[in-house]
Amino acid sequence: MSAVGGASRTVSSTYAHKGTAAGRLGINPGAPASMSLKANIDATLFSMLRVHFWFYPTGFRYKDDFRLQYSENGGTSWTTITSWIYPTNFQNNGFYDATVYIHRSQVTFNDQFRIRFTADVSDDFDQVYFDEIELAGK
(Lines give C-alpha, C1' and ligand atoms only; values in the text may rest on other atoms or scores of the structure.)
Protein backbone atom coordinates (compact mmCIF):
# COMPACT_ATOMS: atom_id res chain seq x y z
CA MET A 1 0.00 0.00 0.00
CA SER A 2 1.38 3.40 -0.86
CA ALA A 3 0.16 6.60 0.76
CA VAL A 4 -0.34 10.02 -0.80
CA GLY A 5 -1.87 13.31 0.32
CA GLY A 6 -3.54 12.95 3.72
CA ALA A 7 -2.70 9.26 4.08
CA SER A 8 -0.26 7.69 6.52
CA ARG A 9 0.53 4.56 8.51
CA THR A 10 -0.59 4.69 12.14
CA VAL A 11 0.87 2.48 14.85
CA SER A 12 -1.97 2.06 17.34
CA SER A 13 -3.89 -1.04 18.35
CA THR A 14 -6.92 1.22 18.93
CA TYR A 15 -7.42 1.64 15.18
CA ALA A 16 -5.97 -1.66 13.96
CA HIS A 17 -8.52 -4.45 13.76
CA LYS A 18 -5.71 -6.96 14.08
CA GLY A 19 -2.19 -6.18 15.25
CA THR A 20 -0.84 -2.72 16.00
CA ALA A 21 -0.77 -0.75 12.72
CA ALA A 22 -3.36 0.57 10.26
CA GLY A 23 -3.50 2.84 7.22
CA ARG A 24 -5.08 6.25 7.90
CA LEU A 25 -6.86 8.71 5.62
CA GLY A 26 -7.43 12.22 6.92
CA ILE A 27 -7.48 15.82 5.78
CA ASN A 28 -5.62 16.86 2.65
CA PRO A 29 -6.12 20.62 2.08
CA GLY A 30 -7.49 21.35 -1.38
CA ALA A 31 -8.13 17.75 -2.45
CA PRO A 32 -9.52 14.49 -1.12
CA ALA A 33 -7.06 12.32 0.76
CA SER A 34 -6.19 9.06 -0.98
CA MET A 35 -4.39 5.84 -0.24
CA SER A 36 -3.42 3.52 -3.06
CA LEU A 37 -3.28 -0.22 -2.89
CA LYS A 38 -1.36 -1.62 -5.83
CA ALA A 39 -1.59 -5.31 -6.51
CA ASN A 40 1.37 -7.21 -7.93
CA ILE A 41 -0.89 -9.31 -10.14
CA ASP A 42 -1.90 -9.33 -13.76
CA ALA A 43 -5.66 -8.72 -13.55
CA THR A 44 -6.17 -10.16 -17.06
CA LEU A 45 -6.00 -13.62 -15.45
CA PHE A 46 -9.25 -13.10 -13.49
CA SER A 47 -12.96 -12.74 -14.10
CA MET A 48 -13.58 -11.21 -10.68
CA LEU A 49 -11.60 -9.43 -7.96
CA ARG A 50 -12.59 -9.33 -4.30
CA VAL A 51 -11.49 -6.46 -2.06
CA HIS A 52 -11.95 -7.22 1.63
CA PHE A 53 -10.97 -4.87 4.47
CA TRP A 54 -11.78 -3.56 7.92
CA PHE A 55 -12.28 0.14 8.61
CA TYR A 56 -12.61 2.36 11.69
CA PRO A 57 -14.00 5.90 11.11
CA THR A 58 -13.60 8.81 13.56
CA GLY A 59 -14.86 12.39 13.48
CA PHE A 60 -16.98 12.09 10.32
CA ARG A 61 -19.83 14.57 9.93
CA TYR A 62 -23.03 14.52 7.91
CA LYS A 63 -22.34 13.42 4.31
CA ASP A 64 -18.54 13.05 4.80
CA ASP A 65 -17.54 9.96 2.87
CA PHE A 66 -14.81 7.67 1.62
CA ARG A 67 -14.68 5.71 -1.62
CA LEU A 68 -13.11 2.69 -3.26
CA GLN A 69 -11.90 3.60 -6.75
CA TYR A 70 -10.21 1.80 -9.63
CA SER A 71 -7.93 2.80 -12.47
CA GLU A 72 -7.50 0.94 -15.75
CA ASN A 73 -4.53 3.10 -16.80
CA GLY A 74 -2.06 2.80 -13.95
CA GLY A 75 -3.53 5.69 -11.95
CA THR A 76 -3.87 8.42 -14.59
CA SER A 77 -7.64 8.54 -14.03
CA TRP A 78 -9.91 7.01 -11.39
CA THR A 79 -13.54 5.81 -11.26
CA THR A 80 -15.53 5.22 -8.06
CA ILE A 81 -16.72 1.65 -7.52
CA THR A 82 -18.60 2.33 -4.29
CA SER A 83 -18.71 4.84 -1.45
CA TRP A 84 -19.53 4.84 2.24
CA ILE A 85 -21.35 7.94 3.50
CA TYR A 86 -21.77 9.06 7.12
CA PRO A 87 -24.23 8.42 8.79
CA THR A 88 -26.06 6.34 6.17
CA ASN A 89 -23.46 3.56 5.86
CA PHE A 90 -21.52 3.78 9.13
CA GLN A 91 -21.20 5.46 12.51
CA ASN A 92 -18.00 6.79 14.09
CA ASN A 93 -15.74 4.92 16.51
CA GLY A 94 -16.31 1.30 15.61
CA PHE A 95 -14.90 -1.43 13.37
CA TYR A 96 -16.65 -2.38 10.14
CA ASP A 97 -16.00 -5.33 7.84
CA ALA A 98 -16.47 -4.64 4.11
CA THR A 99 -16.23 -6.73 0.94
CA VAL A 100 -16.51 -5.37 -2.59
CA TYR A 101 -16.62 -7.52 -5.73
CA ILE A 102 -15.35 -6.12 -9.03
CA HIS A 103 -16.40 -8.11 -12.10
CA ARG A 104 -14.78 -8.18 -15.53
CA SER A 105 -18.12 -7.11 -17.01
CA GLN A 106 -17.81 -3.79 -15.10
CA VAL A 107 -14.18 -2.84 -15.79
CA THR A 108 -11.21 -3.68 -18.00
CA PHE A 109 -8.85 -6.03 -16.19
CA ASN A 110 -5.33 -5.40 -17.43
CA ASP A 111 -1.78 -5.12 -16.12
CA GLN A 112 -2.40 -1.40 -15.37
CA PHE A 113 -5.33 -2.08 -13.03
CA ARG A 114 -5.09 -0.35 -9.63
CA ILE A 115 -7.41 0.34 -6.72
CA ARG A 116 -7.34 3.03 -4.06
CA PHE A 117 -9.34 4.48 -1.21
CA THR A 118 -10.12 8.21 -1.10
CA ALA A 119 -11.84 10.27 1.59
CA ASP A 120 -13.74 13.52 1.24
CA VAL A 121 -13.61 14.97 4.74
CA SER A 122 -14.10 18.45 6.17
CA ASP A 123 -11.46 18.92 8.88
CA ASP A 124 -8.47 17.50 10.77
CA PHE A 125 -10.64 15.35 13.05
CA ASP A 126 -12.22 13.35 10.20
CA GLN A 127 -10.22 10.17 9.71
CA VAL A 128 -10.76 6.61 8.59
CA TYR A 129 -8.37 3.78 9.40
CA PHE A 130 -7.98 0.68 7.20
CA ASP A 131 -6.66 -2.71 8.25
CA GLU A 132 -6.38 -6.22 6.84
CA ILE A 133 -6.85 -5.09 3.24
CA GLU A 134 -7.00 -8.18 1.01
CA LEU A 135 -7.20 -8.32 -2.77
CA ALA A 136 -8.05 -11.72 -4.26
CA GLY A 137 -8.74 -12.81 -7.81
CA LYS A 138 -10.91 -15.57 -9.18
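Here is how the numbers come out for the structure above:
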read-out: Subset of the range 39-54 [at pLDDT below 90 and surrounded by 20 or more Cβ atoms within 10 Å (Cβ to Cβ)]; value: 43
read-out: Sole exception among (1) more than 13 Å from residue 51 (Cβ to Cβ); (2) of a type in the set (D, E, K, R); (3) modelled with pLDDT of 85 or more; (4) surrounded by fewer than 14 Cβ atoms within 10 Å (Cβ to Cβ) for residue 131, by number; value: (4)
read-out: Condition check for residue 11: over 19 Å from residue 116 (Cα atoms), at pLDDT below 70 and not aromatic (Phe, Trp, Tyr); value: yes
read-out: Any hit, the range 55-69, residues being in contact with a Leu (Cβ under 7 Å, 6 or more places away or on another chain) and modelled with pLDDT of 75 or more; value: yes
read-out: Verdict on residue 87 being surrounded by fewer than 19 Cβ atoms within 10 Å (Cβ to Cβ) and modelled with pLDDT of 90 or more; value: yes
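The values are calculated or read from the model by the stated rules, or taken from the named source; none is laboratory data. Since the structure is predicted, the reported quantities are computational estimates derived from the model, not experimental observations. FYI the Cβ positions are ideal-geometry reconstructions off the backbone, even for glycines, and counts take in every protein chain you see.
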